[in-house]
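The values are calculated or read from the model by the stated rules, or taken from the named source; none is laboratory data. These figures come from a predicted structure and were not determined experimentally. Here the Cβ positions follow ideal geometry from the backbone for every residue, glycine too, while neighbour counts run over all protein chains shown.
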Amino acid sequence: MSKYLAALCAFLIAGFAASAHAEQPASLSIAVKNHRFQPVELHAPANVPITLRIKNLDSTPMEFESVSLRVEKVVTGNGEGVVHLRPLSPGRYNFFDDFHQETNGALVVR
């Protein structure tokens with residue numbers, strides 16, 4: 001009976017460790033230079049929180065905005081901002097600089 005209990009405990013511990021690891025946020029970075037996102041397209045895993053660091057290398061402010069991601073973040077000129085995104089389903093999420101609307105990109109979640 002004790003080896004069954006030990007096996008059950010090992011199974012539960014392994015499952016807990018796997019689910020705790022699955023919740024680790026993905027960390028992404030993007031830069032804006034000459035009013036262009038670099039890179040234009042980011043990739044992230046599905047169903048995990050995402051931390052997105054935005055570096056504005058231009059001297060003027062920009063506003064990282066996305067309707068589908070439900071986020072707006074003003075980043076000062078030569079500044080940096082961080083956006084925390086909820087776990088996302090697979091798909092393509094477009095974003096843009098609201099101050100310079102020709103500046104756009106996408107987050108592809110798989």
Exception for SER89 within (1) at pLDDT below 95; (2) within 15 Å of the chain's Cα centre (by Cα); (3) surrounded by fewer than 11 Cβ atoms within 10 Å (Cβ to Cβ) falls at (1)
Taking region 22-36 and keeping residues of a type in the set (A, V, I, L, M) and surrounded by 14 or more Cβ atoms within 10 Å (Cβ to Cβ) leaves ALA26, LEU28, ILE30, ALA31, VAL32
Meets criteria (in a strand (DSSP E or B), under 15 Å from the mean Cα position of the chain (by Cα), modelled with pLDDT of 95 or more and not β-branched (Val, Ile, Thr)) for LEU69: no
Subset of region 46-79, residues under 14 Å from ALA106 (Cα atoms) and either of a type outside the set (A, V, I, L, M, F, W, C) or touching a residue at least 60 places away in the same chain (Cβ under 8 Å) (or both), comes to GLU65, SER66, SER68, ARG70
When restricted to ASN94, ASN78, ASN104, the only residue among the polar types (S, T, N, Q) and out of contact with any strand residue (DSSP E or B) (no Cβ under 6 Å at 6 or more places or on another chain) is ASN78
